[in-house]
Amino acid sequence: MLERMYRLPDLSKIRFRTRTLIEGLIGLGTLKPGEVPELMRALQQHAIAPAFQERLLESLFMLKEDRIKDVNRVVAGQLNFLESQVTKLTVQAKRGFSEKKNRFNSRILS
């Protein structure tokens, strides 16, 4: 059991960037090597696109927790946080686009 928790699983089939981020989390002590399979399952469950999985992994570096105790809960929480950020940015972008469009139209009409 103890050996399984601290033995690094085979990461050769994982994308290089994803593997590097996982190794960084292990190196910082945020994640135990034996939790990698659970992390990969949580990433595949919550974020299908590899780029979004990598963004989720990047966000784990900014956690206030020293170590991830419940991988699935943390990944789901980070996903909710990132989705709210994307939604907020989308709304801001649409609002900014509308304002620019209105200014452009007012210049043309005057």
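The values are calculated or read from the model by the stated rules, or taken from the named source; none is laboratory data. All of these numbers come straight from a predicted model, not from anything done at the bench. Cβ placement follows ideal geometry from the backbone for every residue including glycine, while neighbour counts extend to all protein chains displayed.
With the requirement that a residue be under 17 Å from G29 (Cβ atoms) and among the charged types (D, E, K, R), what does region 59-91 give you?
Step one: of region 59-91, the residues under 17 Å from G29 (Cβ atoms) are 60-71, 74.
Answer for region 59-91, where residues must be under 17 Å from G29 (Cβ atoms) and among the charged types (D, E, K, R): K64, E65, D66, R67, K69, D70.
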Legend entry - Matching helices (runs of 4 or more DSSP H) fully within region 1-101 where at least 1 residues are at pLDDT 85 or above and either under 15 Å from the mean Cα position of the chain (by Cα) or of a type in the set (F, W, Y) (or both): 16-28, 36-46, 50-60
